[in-house]
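This report refers to the structure that appears directly beneath it.
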Amino acid sequence: MMRLLLSTAAMLALTTTARAETANPTDVGELIVTATRLESRIGDAPGVRVITAEDIADRQATFAGDILETVPGLSLSRNGDFGGVTYVRMRGASADKTLLLIDGVVQNDPSSPNGGYDFSSLDLGDVDRIEVLSGPQGSLWGSDAIGGAIAFTTRELDGWRASAEAGSFGTVRGAAAFGVSDDRRAVGLSASAYSSDGVSKAANGTEEDGFSSWTVGASGRLSLGDKLRLDGRLRYNEAKADIDGYDAFFTFGDTADRSESRSWTGFARLTADDLLGLDQVFDVSLYDLTRDNISAFSSSYDARRTTLRWTAGRGAARDPFAFLVGIERDDTEASISTGATAGLGAGSAFGVLRFAPVDRVSVTASLRHDAPDAYDARTTVRLAGVIALDGGVTLSASFGQGFKTPTISQTVCDFCFPAGPSTGLTPETAEGWDLGVAWRSDDDRLFVRVTGYRLEVEDQISYGVGRYVNIDRTLTTGVEAEVEAELTGRFHVKAAYAFTDAVDVTTGAELIRAPENAGSVTLLWTGDRLKAALTVRAEGEQADSDPSTFSAARRDGFTAADLSGSWALTDGLDLTARIVNLTDQDYQQSLGYGEAGRGLFVGFRLRN
């Protein structure tokens, strides 16, 4: 099936020129990205991919994993459908090395032993765009971005919209948003809710494991003068999920276990244009999380993060010269298994510079110095260059460094025997590079990009004999390929493929949950009233861990398809329908955990 998927993508791409018709394609090269700290055109930012609000709507994606699973170089591990713990791995790196940002606020969980982020309840109802930065981003975002960073930006509305959906597995979802905005002020509110009876989290289980989640958000913006602006956002999420685990005989399967989480995040920002010749920004961001695991061995965790940041810069995305410098202070606090609370903090200084000496050449450099309170200071760099050649060909290259400080749990040695703080732990470090070549046709109907990369992580922290230790060295080499084609004025195709060779150099073993081969093809049809999208996704087999025996095992490969469509009854009302797992495949995203069979969902979307 994997070969069929890839050959289909190739044939669709090759037939593009012969079947092209008139259309108004989006100028992808002029998309502006912001997760690079310094606003840049996407063509000047190697390794960056943008998922727009239109992409999310076309796929009718509900949660973040629904749309991220088709990005080349990203792999999902999910402990069961409908609210199972979901992690995203980037370029083979373990899931704790993916940094997640919402409106620039770090979301990784300081109370988790490895500091990773659970994507299971990240609702897309208020999301305007997603930027994926692959490869080490330590010079931009500091600790935790060894594999890369994923930045979500929420929406500012001038008007209102609402949607609702219901269908298989007792699923109901609704979302609404309202906003008023002009050049001087804006205010907005949004809300979404989701509930489902679900399916068994354990693949060998029979009971339904339900999931519910709701999210509310508020935003505001006010001009205090011609050059002074104040803006801010708040976002709250609450989720409950039935989960499966281990019975009294430590057998994996149906249990009455469940998890609950409550989190809120937000920022307030003051922007001053042309103050002392620089555009300056001061912002404070906050994050708070409470999560409870209810079982025979219940536990509760709390986590908080506060970040203060000041930046100053000059130059817009299209200017030949632009720079930004900044300082920030980050403080985290979290509870551990004993109920005690501990904290970590760091001060940082950073700078980003972009220079285009001639029209077709762009060079970007970033440098960051992080001084953690409990560990030695680290300086990381990143260099990237883009050259546009004749005939629509673009060459790109980048080199980046990253690091990850031990988490609070690892620093105080939570779950260690004998008890006591860790000694001798050092931050994990990484270096990565990538080389890319892209080609865009003169009429913008065909875009092809191939990227090769290498990522090496040293001193990876593992749990040894009763304690956390620096032992592992991992290496990932891979290739990512993408095709976007406009076959006719109404028919588009997007295809992606990733080859990932991820190994633990210390032991020679494959890294778990990083499939060697993965790919997807999305066919998009846009008519006068009908829009439809068919997405076929395939993954080869992967190394995994059997939850029943805790031993190394392999998860079989799979191919799954989703179909979505909408019919415009009026300019402001669409009827929607989607079918997940179209061919009713019996597969597992993570070994031992259940995924839903075929499901049908229907609904509507309203907007003014």
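Since every read-out is calculated from the coordinates, none of them should be taken as a lab result. Every value quoted in this text rests on a predicted model; they were computed, and no experiment measured them. All Cβ positions, even for glycine, are placed from backbone atoms using ideal geometry, and neighbour counts span all protein chains on display.
Loop sites by DSSP among the chymotrypsin sites (Phe, Trp or Tyr not before Pro) of the chain, restricted to those with at most 10 other Cβ atoms within 10 angstrom, leave 298-549 as the longest stretch without any of them. Between Arg554 and Ala166, the contour length at 0.36 nm per residue exceeds the alpha carbon distance by 136.2 nm. Here r is the Cβ-Cβ distance between Arg490 and Ala371 and R0 is 45 Å; the resulting FRET efficiency, rounded to 0.05, is 0.25. Report the trypsin sites (Lys or Arg not before Pro) located in the range 273-320 that are in a DSSP loop and have at most 14 other Cβ atoms inside 10 Å of their Cβ, or state none. Here the sparse-neighbourhood loop sites are Arg318. Inter-part distance, the range 470-507 to the range 107-169, computed on C-alpha centroids, equals 20 Å.
Pairs from the table (Lys240/Lys494; Lys97/Lys227; Lys97/Lys494; Lys97/Lys201) lying more than 32 angstrom apart at Cα are Lys240/Lys494; Lys97/Lys227. Does the chain come out rounded, prolate or oblate by the C-alpha gyration tensor, with a ≥ b ≥ c the root eigenvalues, rounded set by a/c under 1.5 and, if not, prolate when a/b is larger than b/c and oblate if not? The shape class here is rounded.
Dividing the mean sequence gap of close Cα pairs (under 8 Å, 6+ apart) by how many residues the range 2-607 holds gives a relative contact order of 14 percent. Across the range 98-120, no residue has a backbone nitrogen under 13 Å from the label position 7 Å along the beta-carbon direction of Leu286. Considering helices alone, the calculated mean residue ellipticity of the chain at 222 nm is -1500 deg cm²/dmol, with DSSP H runs of length four and up weighted by -39500 (n - 2.57) and normalised per residue.
What residues of the range 404-447 lie in the reach of a label at Tyr246, counting those whose backbone N is under 16 Å from a point 7 Å from the Cα along Cα→Cβ? Under 16 Å, as judged by backbone N against the label point of Tyr246, lie 415-416 of the range 404-447.
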